[in-house]
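Everything below concerns the one structure shown next.
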Amino acid sequence: EPGPAAGSQPLPAEGADTKTYLWARYHEMKKLVYDLLPPGVCNLLNPAAIYANNEISLGDVEIYGFDYDYTLAQYSNLLHSMIFNTARDILIEQFKYPEGLAKYDYIPGFAIRGLHYDVQKSLLMKIDAFHYVQLGTAYRGLKPVPDEEVIELYGGTQHIPLYQMSDFYGKGPSLKQFMDIFSLPEMTLLSSVIDYFVTHGIEFDQVHLYKDISDAIRDVHVKGVMYKWIEKDMEQYILHGDEIYAVLNRLVNHKKKLFLITNSPFSFVDKGMKHMVGKNWRDLFDMVIVQADKPNFFTDRRKPFRKLDDNGTLQWDKINQLEKGKIYKEGNLFDFLRLTGWRGSKVLYFGDHLYSDLADLMLRHGWRTGAIVPELETEIRIINTEQYMHSLTWQQALTGLLERMQMYQDAESKQVLLEWMKERQEIRSLTKNLFNPQFGSIFRTFHNPTYFSRRLVRFSDIYMASISCLLHYDVNFTFYPRRTPLQHEAPLWMDQLCTGCMKTPFLEEMVHIR
């Protein structure tokens, strides 16, 4: 039985061979795409914009909450090298790993956020929203694993079963997802150590290796080494401090209440906020909670709040109210809600970790959420390039041609279609490599969203590159997400009409519609 579009397909002119006809359609489509994208069409997206997954009016928001690290405080990439080097040295000196690891340095741009790591198979890879491994993005150590081997490792498929994938926080029985920005040096160290062992033919236990590296990275944070680096040279490590002051001051001037919930210790947060906002930064906040132990803060009722004095010394008295200007440690969200009465959609909380910061607040408590995604700025600048725009538009058009012309199954036509498929794959690889040669974009696995993207849409009402993006919008601004097409709606959209993905019989008609 013919498909939906089969009846409307044009046929080659009488006497013309299908091969000539197919290539004629190919060249017509290429000219159309070129005409659609005249010079200067780029820079359509603003890297400083806020993007909405859900409709939200800032006028309804009375209370703004913030995480600290990578939300209020954005850090220089120099920090990643320091974390990598220190954790590498801990492995050598304390865990007695081979001294040959000392020759490995941090590789900026090797990994991206949102990757999964299969502990038993020692595979670092990107997975899409449908739980499929993106072929070409599976690495063991610093080297890619051939697609055939990846498929064989997973029983003849690219699909990862749900039970293996993850729990609510991205931690499954065999796969771990790296979701925060601090995990970039951890992934690079993991890959470097595996590379050393594989290159030197050293047998290792995958579970122990993963745990040792996780522990070494954790020690850099828990033992305060990282905090000391940042405190010693804030000018070098903390970015956009003046913009943070402008955001917070503007909200307070419009009678908004502010609070801070962070896992970092008070002395570290205090020094950073004084650097960015000034010595009276606490006057801006109605509530400051440090060492909160998120995500447990949002789910575990057992830890009560404790008060700190102005020097950060722990107090012993019972907390019956949360006072403006005071510093609190630990606690839990249930007591926070009971003591403040701050519930539902009048609260908007910003964080960079989709699981630890945002998931529970949105799904269980109805707060509005804003995700801070620093990578967005770089990715949008790439999307705005002429090379990306032309590659993507031609890829869409070529995909439409392949779908519509697959009805021609004679030997010569099949050869043409194979050439088109090969070209399509080359374009897909090219566009992937524009973002990251190993893993591509954090938002896309070719045409599908990544697993990270799916969580971003699920757990955030709005997302942006940094908190400073709020400065571009009125405090009563309403964000309206655009109606993006479902697949059965796609032919109604102009970009589909213009790039040939709609099953439209004649190019002349497409030009007329445009």
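Relative to 2.2 N^0.38 Å, what does the C-alpha radius of gyration of the stretch 77-231 come to as a ratio? Two decimals please.
Values: Rg = 15.5 Å, N = 155, 2.2 N^0.38 = 15.0 Å.
Compared with the compact-globule rule of thumb, the stretch 77-231 sits at 1.03.
Would you kindly state how much longer the chain becomes between His447 and Asp219 on full extension, computed as 0.36 nm times their sequence separation minus their alpha carbon distance, in nm to one decimal? Intermediate results must be reported in sequence, preceding the final value.
Numbers: separation 228, 0.36 × 228 = 82.08 nm, distance 3.89 nm.
Additional length available on full extension: 78.2 nm.
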Taking the chain and dividing mean pair separation by its residue count, relative contact order in percent (alpha carbons under 8 Å, at least six apart): 25
Spatially proximal aspartates and glutamates relative to Lys257 (Cα-Cα < 12 Å; intrachain offsets below 8 disregarded): Glu62, Asp283, Asp286
Protein accessible area in the chain, 1.4 Å probe - carbon and sulfur %: 51
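In percent, what relative contact order does the stretch 53-124 have, based on Cα pairs under 8 Å that are 6 or more apart in sequence? List each step's numbers first, then the result.
Values: 21 pairs, mean separation 13.3, N = 72.
Dividing the mean separation by the residue count of the stretch 53-124 yields 18 percent.
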Ratio Rg/Rh, restricted to the stretch 301-445 and using Cα atoms, in which Rh is the Kirkwood radius: 1.30
Cα convex hull volume per residue for the chain (Å³): 181
5 angstrom amide H check on Tyr70, placed H, neighbours 5+ away: Tyr75
Amide H contacts of Tyr349 (H built 1.01 Å from N, under 5 Å, at least 5 apart or other chain): Gly65, Arg368, Thr369, Gly370
Other-chain or far-sequence residues with amide H under 5 Å of Thr478's (modelled H): Leu58
Karplus-derived 3J(HN,Hα), 6.51/-1.76/1.60, for each residue of the stretch 96-101, Hz, glycine and proline x: 6, 6, x, 5, x, 5
Loop GluC sites (Glu not before Pro), the stretch 233-325, which have at most 14 other Cβ atoms in a 10 Å radius of their Cβ (DSSP): Glu323
Within the stretch 337-353: backbone nitrogen closer than 14 Å to the Lys255 label point (7 Å, Cα to C-beta): none
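If r is the Cβ-Cβ distance from Asp300 to Asn433 and R0 is 45 Å, what FRET efficiency results, to the nearest 0.05?
Values: r = 43 Å, r/R0 = 0.96.
FRET efficiency, Asp300 to Asn433: 0.55.
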Spherically averaged projected area of the stretch 245-362 from its Cα convex hull (nm²): 7.2
Filter on Lys96/Lys143; Lys176/Lys324; Lys19/Lys143; Lys121/Lys303 - keep pairs with C-alpha separation over 30 Å: Lys176/Lys324; Lys19/Lys143; Lys121/Lys303
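May I ask you to derive the FRET efficiency for Lys271 and Arg482 from their Cβ-Cβ distance with R0 = 51 Å, giving the value to the nearest 0.05? All intermediate terms of the calculation are to be shown ahead of the outcome.
On the way: r = 42 Å, r/R0 = 0.82.
With a Förster radius of 51 Å, E is 0.75.
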Anchor Lys232: lysines whose Cα lies under 20 Å away (excluding residues fewer than 8 positions away in-chain): Lys223, Lys271, Lys274, Lys279
Pair Lys318, Leu471: separation of 7 Å Cα→Cβ label points (nm): 4.7
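Any chance you could run the full-extension gain for Val207 through Asp35? It's 0.36 nm times the residue separation minus the Cα-Cα distance, nm to one decimal. Intermediate values should be presented prior to the final figure.
Working: separation 172, 0.36 × 172 = 61.92 nm, distance 5.48 nm.
Full extension from Val207 to Asp35 adds 56.4 nm.
May I ask you to compute the full-extension gain from Met407 to Arg381, defined as 0.36 nm times their residue separation minus their alpha-carbon distance, rounded to one decimal in nm? Let's see the in-between values first.
Working: separation 26, 0.36 × 26 = 9.36 nm, distance 3.89 nm.
Here the answer is 5.5 nm.
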Compactness of the stretch 167-253 - radius of gyration and Dmax, Cα, Å: 18.5, 63
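In square angstrom, what is the accessible area per residue of the chain with a 1.4 angstrom probe? Write out the running numbers ahead of the final one.
Numbers: 24270 Å² over 514 residues.
With all protein chains present, the chain gives 47 Å² per residue.
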DSSP beta bridge pairing in the chain, given as percent antiparallel to the nearest 5: 55
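The values are calculated or read from the model by the stated rules, or taken from the named source; none is laboratory data. Note that this is a predicted model, so its numbers are computed, not measured. In this analysis, Cβ positions are derived from the backbone assuming ideal geometry, glycine residues included, and neighbour counts consider all displayed protein chains. Ligands, DNA and RNA are excluded from the accessible area calculation, which covers all protein heavy atoms including side chains. Shrake-Rupley method; radii C 1.70, N 1.55, O 1.52, S 1.80 Å.
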